[in-house]
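The values are calculated or read from the model by the stated rules, or taken from the named source; none is laboratory data. Computed from a predicted structure; not experimentally measured. We place every Cβ from the backbone using ideal geometry, glycine too, and count neighbours over all the protein chains shown. Heavy atoms of the whole protein, side chains included, go into the accessibility calculation; ligands, DNA and RNA do not. Shrake-Rupley method; radii C 1.70, N 1.55, O 1.52, S 1.80 Å.
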Amino acid sequence: MSNESSLSIDELNDRIAILEDNIRQLIEQAAAASGEQNEARVADRINQQNDELDRLLKIRESRQKK
C-alpha cells in the first residue's frame, strides 16, 4: 500500500480502474482454474483486490464530499 493522501482524484480513479480490471481478469482465471490450490490462490487474490478497491473507493468518496 502506498500513501493515497498524495494522489489526486484522477490518480485515484486510474488506480480504481486498474483494480476493477484486475478483478475482472482474476474472475476469468478462476473460471478457467483447475485444482483446489489454484482456485484458492485466485480467490485469495480476488479478495485482496476487492479490499484494496473498497479502500480506494472510500478515500475517493470522502474527498468528493469536501
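One table, with the values for the structure above:
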read-out: Those residues of region 1-34 which are in a loop (DSSP other than H, G, I, E, B) and surrounded by 13 or more Cβ atoms within 10 Å (Cβ to Cβ), in sequence order; value: LEU7, ALA33
read-out: Residue count for region 35-66, restricted to those that are under 20 Å from SER6 (Cβ atoms), open to solvent by 50 Å² or more (accessible area, probe 1.4 Å) and not acidic (Asp, Glu); value: 9
read-out: Criterion violated by ALA32 - all others in (1) modelled with pLDDT under 90; (2) under 18 Å from GLN64 (Cα atoms) satisfied; value: (2)
